[in-house]
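The structure appears below as structure tokens.
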Amino acid sequence: MAQPLKSTRTPRSTVKGASAPGGSVGTGSRRAAAQRLTMRRKLAAAAMELFAAKGYDATTVDEIAATAGVARRTFFRHFRSKEEAIFPDHDDTLVRAEAVLDAAPAHEHPLDTVCRGIKEVIRMYAASPAVSVERYRLTREVPTLREREIASVARYERLFTRYLLGHFDERAHRDGDVDPLLAEVAASAVVTAHNHVLRRWLRAGGQGDVEAQLDQAFAIVRKTFGSGIGGAGRPAEDRPAAARASVSDEVLVAVARTDAPLSEVMRTIERALQQDQETHSS
């Protein structure tokens, strides 16, 4: 059976703070990240409060900073614009989603990995249902915020598309160069399924088990695209062999996948030699 290609990248968690005895650098980095996220959320809460009370266009960055009790320069250390302030968690969530991909076990189907990665996004919204519902209302009313939300979603889609492209086994396909298209369509399907479930949950006021709903949507995506990625789900007779060998003019030629078990490669060679001997003895 064709298996998903194994990533050779070093997990980010292994690199960060690796040289620090006792993990002091890692602890300091986590503390700084937590403080940064706390301030971003504080500024976001102030922005949402003012947007709801005064309207988006009438609200200034100075007012957001003042409501949060910080200086204007502090605002711009965390956000480039006021529309960016309403999405304080996306940067950190993107990092967590990428960490899921980086740490994925080699045996896991790439689509399953991507689905686990995008769950970090739904959990971000589910952590604060009331805030998420209000933010959804604002993004529907303010085109600029809606454009910012679309841009944020596109970042996840690019991340998952790159992952699927990097974990395709090109030899599992026999219909030409369709891998990039299938990877992009599959990544879009995962993101679309997520967005559909999320919007339905937000329209319902943030009620219900949104992760369970997401699992149901992912099951549809997995059933539709799972057989085309990594070779999973393909009929056994249609899967490319891990190793092939043939004997011609007293020369044995063997072709094997780099991830093929050595025992299987040796058995393939032995069978080819045996068949050649039987052919010459008959």
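The values are calculated or read from the model by the stated rules, or taken from the named source; none is laboratory data. Small disclaimer: the values here were computed from a predicted structure and weren't measured. Methodologically, a virtual Cβ is constructed for each residue, glycine included, from the backbone with ideal geometry; neighbour enumeration extends over all protein chains shown. Protein only, heavy atoms only, side chains kept; ligands, DNA and RNA dropped before computing areas. Shrake-Rupley method; radii C 1.70, N 1.55, O 1.52, S 1.80 Å.
Spin-label point model (7 Å from Cα, Cβ direction): what's the Ala34 to Ala71 distance in nm?
Here the modelled spin labels are 2.6 nm apart.
Taking the full set of protein chains and a 1.4 angstrom probe, give the accessible area of Asp92 in square angstrom, rounded to the nearest 10.
Surface accessible to solvent at Asp92 totals approximately 30 Å².
What list of ³J(HN,Hα) values in whole Hz, one per residue of region 45-53 in order, does the Karplus curve 6.51 cos²θ - 1.76 cosθ + 1.60 (θ = phi - 60°) give from phi, with Gly and Pro shown as x?
Couplings: 4, 5, 4, 5, 4, 6, 4, 5, 7 Hz.
What distance in nm separates the two pseudo spin-label positions at Ala212 and Arg41, each 7 Å out from Cα along the beta-carbon direction?
2.6 nm
For region 84-170, restrict the atom set to alpha-carbon positions and state the Rg and Dmax in Å.
14.6, 45
On the full set of protein chains, 1.4 Å probe, figure out the accessible area of Leu198 and give it in Å² to the nearest 10.
Per-residue accessible area (Leu198): approximately 10 Å².
Ranking request for peptides 30-39, 124-133: highest mean number of other beta-carbon atoms within 10 Å first, then the rest in descending order.
The packing order, highest mean first, is 124-133, 30-39.
Sorted by packing (mean other beta-carbon atoms within 10 Å per residue), highest first, where do 109-122, 56-69 land?
109-122, 56-69
Heads up, I need the accessible area for His107: 1.4 angstrom probe, whole protein in place, Å², nearest 10.
For His107, the solvent-accessible surface is approximately 150 Å².
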